[in-house]
Structures are given as structure tokens and as C-alpha cells.
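Chemist: Dumping the structure here so I can ask a few things about it.
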Amino acid sequence: MSDASTQVNEEYLDPRFGATMLERLPIFKGFSPDERARIYGLGEIRVFKPQSNVIIEGENTSGFYIILEGIVAVYKAGRAGLSDHRLASLGQGKAFGEMSLIDRKPRSATVVAEAKSILFHLDGDTWGKVLEDDAHAAARFYQNFAYMLSNRLRELDEEFILSQKQLWKFALRKKVS
């Protein structure tokens with residue numbers, strides 16, 4: 001990390017800083033500051049140039065990321081000849097890739113750095129070993145993950161209902177015209 005484009009703030013290397021970052025994420029609720037610092041110490045800092053892929057939909061990688069600096073965009077491949085769909089833009093403090101910690105399936109979306117981005121990465125295999133060795137941590141993590149997924153499902157249900165209402169309004173206006 002010698003040139004200016006790959007240098008990172010020294011603070012990012014401090015496990016106490018990492019413990020604070022992990023504390024903000026629902027999947028680490030209930031973990032002590034020492035546990036979060038230890039978890040952060042298991043990961044690594046990665047730097048991505050603008051327009052570079054962080055993860056690619058369909059690839060067989062695991063692990064999750066926290067954005068320390070920068071912005072990333074999340075894309076889902078279009079089907080049947082449709083173009084890619086931009087799902088979200090994520091900034092500092094947000095996390096992505098956590099589904100791979102659970103299901104070990106190919107990536108479900110592509111994530112691209114929109115600006116120079118400095119990310120914390122925790123490898124799925126490394127995290128899996130922690131969970132195998134610490135049943136209490138595993139129980140908290142999986143409970144937190146289930147709660148997070150439940151919230152996402154509720155949000156998606158609401159979004160689906162709203163989109164269906166909008167489609168029906170549009171269809172009825174077209175029919176009347």
C-alpha cells in the first residue's frame with residue numbers, strides 16, 4: 001500500500017475502529033466490543049478503483065464487505081435480454097455480501113465501486129470457522145441474521161403491494177383512455 005491510490009487511513013487498521021463499525025450492523029447485535037474487535041481482526045482492508053467490480057453476480061465467492069469509504073452500486077442481471085437493473089447505491093457504513101455467509105451459493109448481484117472505495121472484507125470460510133468453534137456466537141449471529149431477513153422480507157412485501165397498486169392504477173387509466 002505504498003502509492004497514494006492504495007493508502008488507507010491508519011484508523012481503519014485499528015480493531016477498536018472495526019468494533020465500532022461492526023456494532024452498527026444488525027448481524028453483530030449482542031456481540032461484545034472485544035468480540036467485534038476480534039472479528040474485525042480476522043478480515044482485511046481492500047481498495048477498489050472507480051468502476052471496478054467488487055463482486056460479480058454468479059461467481060462462487062463468499063464473505064461480506066463493509067464500506068469504510070466510497071460508494072458502490074448494486075446491480076442485478078436482466079433476464080431474457082433485459083438490461084441490468086440498478087438495485088441500490090451504498091455508502092459509508094453500509095454492508096453487503098452477507099447472504100454468502102449463510103448459503104454459500106453464487107453471488108446474487110454484481111457490486112461495482114462508483115468511486116475509489118475502501119472496504120473491509122471478512123472471508124466466508126474464516127467466519128465459518130469462528131462459528132464452528134463458538135456455538136454462542138453462532139447462535140447470536142444466526143438469530144440476528146434471521147431477524148434481518150425477516151425485516152427485509154416485510155419491506156419487500158410492502159414494496160410489492162405498492163408496485164402492484166401502481167400497476168393497476170396505470171392499467172385502469174389506459175383502459176379508460
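Chemist: Which number in (1) among the polar types (S, T, N, Q); (2) at pLDDT below 90; (3) surrounded by 13 or more Cβ atoms within 10 Å (Cβ to Cβ) marks the one condition that Ser5 misses?
Modeler: It is condition (3) that Ser5 fails.
Chemist: Something else: Take the conditions free of Cβ contacts under 8 Å to residues at least 12 places away in the same chain, surrounded by 10 or more Cβ atoms within 10 Å (Cβ to Cβ) and either under 23 Å from Asn53 (Cα atoms) or of a type in the set (Val, Ile, Thr) (or both) and apply them to Lys116. Does it pass?
Modeler: Against the criterion (free of Cβ contacts under 8 Å to residues at least 12 places away in the same chain, surrounded by 10 or more Cβ atoms within 10 Å (Cβ to Cβ) and either under 23 Å from Asn53 (Cα atoms) or of a type in the set (Val, Ile, Thr) (or both)), Lys116 does not qualify.
Chemist: Given (1) under 23 Å from Lys129 (Cα atoms); (2) open to solvent by 20 Å² or more (accessible area, probe 1.4 Å), where does Phe48 come up short, assuming only one miss?
Modeler: The single condition Phe48 does not satisfy is (1).
Chemist: Further question on the same structure: Is it true that Ile161 is at pLDDT 95 or above, farther than 18 Å from Ile56 by Cβ and among the β-branched types (Val, Ile, Thr)?
Modeler: no
Chemist: Out of all the residues in segment 89-105, which are touching a helix residue (DSSP H, G or I) at 6+ places or on another chain (Cβ under 9 Å) and either exposed (fewer than 14 other Cβ atoms within 10 Å of the Cβ) or under 17 Å from Lys49 (Cβ atoms) (or both)?
Modeler: Selection gives Gly93, Arg104.
The values are calculated or read from the model by the stated rules, or taken from the named source; none is laboratory data. Just so we're clear, the structure is a prediction, and the values are computed from it rather than from any experiment. Here the Cβ is made from the backbone with ideal geometry for all residues, glycine too, and neighbour counts use every protein chain on show. Accessible surface is based on the protein model in full, side chains and every heavy atom, while ligands, DNA and RNA are left aside. Shrake-Rupley method; radii C 1.70, N 1.55, O 1.52, S 1.80 Å.
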